[in-house]
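Asker: Before we start, here is the structure in question, set down as structure tokens.
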Amino acid sequence: MSLMIKITDVHARQILDSRGNPTVEVEVTAETETTGKKITARESVPSGASTGRFEAVELRDGDNPYFGLGVQKVVDHVNTKIRGALIGQNVLEQGRLDRIMVELDGTDNKSSLGANAILGVSLACAKTAAKALDMPLYRYIGGVNAKELPVPMMNVINGGAHAKNSLDFQEFMIMPVGAQTYRDALRMGAEVYHFLRQILNEKGLSTAVGDEGGFAPDFDGVKEVFHCLGEAVEMAGYCVGKDIVYAMDAAASELYDENSGVYRFPGEDNTERSADEMIALYEELLEEFPIVSIEDGLFEDDWEGWQKMTARLGKKIQLVGDDLFVTNPKRIKCGIGLKAANAVLVKVNQIGTVTEALDAIEMARFAGYHAVVSHRSGETEDAFISDLAVAVNAGQIKTGAPCRAERTSKYNQLLRIEEELGEQAEFKWKRAGEKNGCQN
């Protein structure tokens, strides 16, 4: 590479995420050879509540401060080992920088340095490089064809590990697919969200919000959730199934009992379901409601079940692997070979570097799988994933309800990107099956 912009400093600190838990923030400073100008950018690392067993390891201190959740060891790894390995390297060589850190760690799951240490530096290097080239982050990562604004998948009702209520499934989302622009989609979603609050208030249900900004009331089952969403959509003046469609994250691994091999639903008096019964439940819901995407519908290691579910539902809707794939190219390759799922959820902290996340997206897209860029339940005000979603033309983004600053920061960054792209900006929804007309 002819242009050399040397890394001169790497510095990490411990900050708080949206749940009040410690996380890592990293600053990378680089200097241009020709002018000596110094450029610094910072990035921070999110953390999940519902995590897959195959994710890269998020290192925590395990001692008394912050109930063992401190990340001072991770900060020290960045400020010593990683800093020493990257000083003098070209910040523009993202792949090389990520490879150096992965090799320095030396484990398959980044458990030595911590995926949160490596990712913080990886993200900060990308942002510093973009800033050094005076280029938008999405353009630096994605190139000249980065132009598609993602459809928001707004988690407006929380359950499962995200809330202490009677709902066993984790997320119920609205997708404003009838919008012509991202700006309109954000407005539509926010309007439905506020009408939903009004409806819940009128029903005497809680409007307290969960980790991702969605409401967390006690509902009498899954169908009541979707009926309530339908009321909110109609009150906002939109058409259910045309302007607004639904998505859900079952987070089935959280419900699975490995000893008995069944899915147990505490909110239904511990009703037990087999994999076949789970698929039958989804089929029943699809018949009644305009659901276009189901995430983690089965246990994260039930490849046979995923194959069966994909064969039965995959031509109708999007089946997203989160815990199944954990943004890991090795697991994605396995899923492609087995024809399990048809979409990949992309969480950069599951794999630990920008390069590996991009590899995962490329592999999925080449196989015809959709890519959905996602936040975590423990977020910061950082908006890297907004730029990433546009960079790879993902077409979909999960970043919570239009509520709480760590969620709206991502939505607001997408507004800026859309404005900057101007006439180049594209906004469209690609779906597995098409349903016409309004549905109740």
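Asker: Per residue, how much accessible surface does the chain expose to a 1.4 Å probe? Answer in Å², no decimals.
Answerer: 39 Å²
Asker: A further question follows. Taking the mean number of other Cβ atoms within 10 Å as a proxy for protection, how do you rank 346-353, 17-24 from highest to lowest?
Answerer: So the order, starting with the most tightly packed, is 346-353, 17-24.
Asker: While we're looking at this one, here's another question. Between residue 135 and residue 66, what FRET efficiency comes out of the Förster formula 1/(1 + (r/R0)^6) with R0 = 25 Å and r the beta carbon distance, rounded to 0.05?
Answerer: About 0.10, to the nearest 0.05.
Asker: By how many nm would the segment from residue 220 to residue 423 lengthen if fully extended, with 0.36 nm per residue of separation less the alpha-carbon distance?
Answerer: Answer, rounded to one decimal: 68.5 nm.
Asker: Which far-off residues, 5 or more places away or on another chain, put their amide H under 5 Å from the one on residue 371, with H placed in the peptide plane?
Answerer: Those lying under 5 Å, H to H, from residue 371 are 344.
Asker: Computed over the Cα atoms of region 287-440, what is the ratio Rg over Rh, Rh following Kirkwood?
Answerer: Rounded to two decimals, Rg/Rh equals 0.97.
Asker: Now, a different point. For residue 428, go through the aspartates and glutamates and keep the ones whose alpha-carbon is under 14 Å away, minus same-chain ones fewer than eight residues off.
Answerer: Within reach: 148, 184, 243, 418.
Asker: Of all DSSP beta bridges located in region 154-297, what percent are antiparallel, nearest 5?
Answerer: 70 percent
Asker: Still on this structure: In degrees from 0 to 90, rounded to the nearest 10, what is the angle of the helix 222-235 Cα long axis to the longest principal axis of the chain?
Answerer: So the helix axis and the longest Cα principal axis differ by about 80 degrees.
Asker: If you line up the long axis of helix 329-338 against the longest principal axis of the chain, both from Cα atoms, how many degrees apart are they, to the nearest 10?
Answerer: 40 degrees
Asker: Okay, moving on. So what J values fall out for region 367-373 if you push phi through Karplus, 6.51 cos²θ - 1.76 cosθ + 1.60 with θ = phi - 60°, rounded to Hz, Gly and Pro as x?
Answerer: Per-residue couplings from phi come out as 8, x, 7, 6, 10, 10, 7 Hz.
Asker: So how tilted is helix 354-366 from the main axis of the chain? Cα-based, degrees 0 to 90, rounded to 10.
Answerer: Computed tilt is about 50 degrees.
Asker: Counting each DSSP H run of 4 or more residues in the chain as -39500 (n - 2.57), what helix-only mean residue ellipticity at 222 nm follows after dividing by all residues, to the nearest 500 deg cm²/dmol?
Answerer: -11000 deg cm²/dmol
Asker: I'm spelling it out carefully: the read-out is Cα extents along the principal axes in Å, the candidates are [x] 65, 44, 35; [y] 64, 53, 43; [z] 67, 61, 48, and one was derived from this structure. Which label?
Answerer: [y]
Asker: Let me ask you something else. Students often check this: by mean Cβ neighbours within 10 Å, which of 268-274, 337-343 ranks highest, and how do the rest follow?
Answerer: By packing density, highest mean first, the sequence is 337-343, 268-274.
Asker: Another question about this same structure. Among 74-84, 323-333, 196-206, how do they line up from the highest to the lowest mean number of other beta-carbon atoms within 10 Å?
Answerer: Listed from highest to lowest mean packing, they are 323-333, 74-84, 196-206.
Asker: Distance check, please: which entries in 315/410; 242/315; 73/398; 339/410; 6/333 exceed 28 angstrom between their Cα atoms?
Answerer: From the list (315/410; 242/315; 73/398; 339/410; 6/333), the Cα-Cα distance tops 28 Å for 315/410; 73/398; 339/410; 6/333.
Asker: A follow-up question, please. Gaussian network model of the chain, Cα springs within a sub-10 Å range: biggest mean-square fluctuation belongs to which of 122, 111, 374?
Answerer: Top of the fluctuation ranking is 111.
Asker: If Rh is defined by the Kirkwood formula over all Cα pairs and Rg also comes from Cα, what ratio Rg/Rh do you get for region 33-143?
Answerer: 1.00
Asker: Now for a separate question. Relative to the Cα centre, what is the charge dipole magnitude of region 1-110, using +1 at the beta carbon of each Lys and Arg, -1 at the beta carbon of each Asp and Glu, and rounding to the nearest 20 debye?
Answerer: My answer is approximately 120 debye.
Asker: With contacts defined as alpha carbon pairs under 8 Å and 6 or more residues apart, what's the relative contact order of the chain in percent?
Answerer: Reported as a whole number, the value is 20 percent.
Asker: Between region 102-178 and region 229-245, what is the C-alpha centre distance in whole Å?
Answerer: 28 Å
Asker: When the chain is modelled as a GNM with alpha-carbon springs shorter than 10 Å, which of 184, 382, 322 fluctuates the most?
Answerer: Highest fluctuation of the listed residues: 184.
Asker: Once each part is reduced to its C-alpha centroid, what is the distance from region 6-21 to region 318-354 in angstrom?
Answerer: The distance from the Cα centre of region 6-21 to that of region 318-354 comes to 27 Å.
Asker: Set the Förster radius R0 to 56 Å, insert the Cβ-Cβ distance between residue 96 and residue 257 as r into 1/(1 + (r/R0)^6), and round the FRET efficiency to 0.05.
Answerer: So the FRET efficiency works out to roughly 0.80.
Asker: What Kirkwood radius, in Å to one decimal, follows from the Cα pairs of region 158-304?
Answerer: Its Kirkwood hydrodynamic radius stands at 15.9 Å.
Asker: Using the Cβ atoms and a cut-off under 13 Å, what net charge is assigned to the surroundings of residue 228, where Lys and Arg are +1 and Asp and Glu are -1?
Answerer: Neighbourhood net charge equals -3.
Asker: Would you mind calculating the relative contact order of region 270-408 from Cα pairs under 8 angstrom and at least 6 residues apart, reporting the percent as a whole number?
Answerer: After rounding, I find 16 percent.
Asker: In the chain, what % of DSSP beta bridges are antiparallel (nearest 5)?
Answerer: Rounded to the nearest five, the antiparallel share is 60 percent.
Asker: Calculate what fraction, in whole %, of the accessible area of the chain sits on carbon and sulfur atoms when a 1.4 Å probe is rolled over the protein chains.
Answerer: 47 percent
Asker: Summing Lys, Arg as +1 and Asp, Glu as -1, what charge do residues with Cβ under 15 Å from the Cβ of residue 34 carry, residue 34 excluded?
Answerer: 0
The values are calculated or read from the model by the stated rules, or taken from the named source; none is laboratory data. This is a predicted model, so every value here is computed, not measured. Reconstructed Cβ throughout: ideal geometry from the backbone, glycine too, with neighbour counts over all protein chains shown. Ligands, DNA and RNA are stripped out before the accessible areas are found, and what is left, the full protein with its side chains, is counted by its heavy atoms. Shrake-Rupley method; radii C 1.70, N 1.55, O 1.52, S 1.80 Å.
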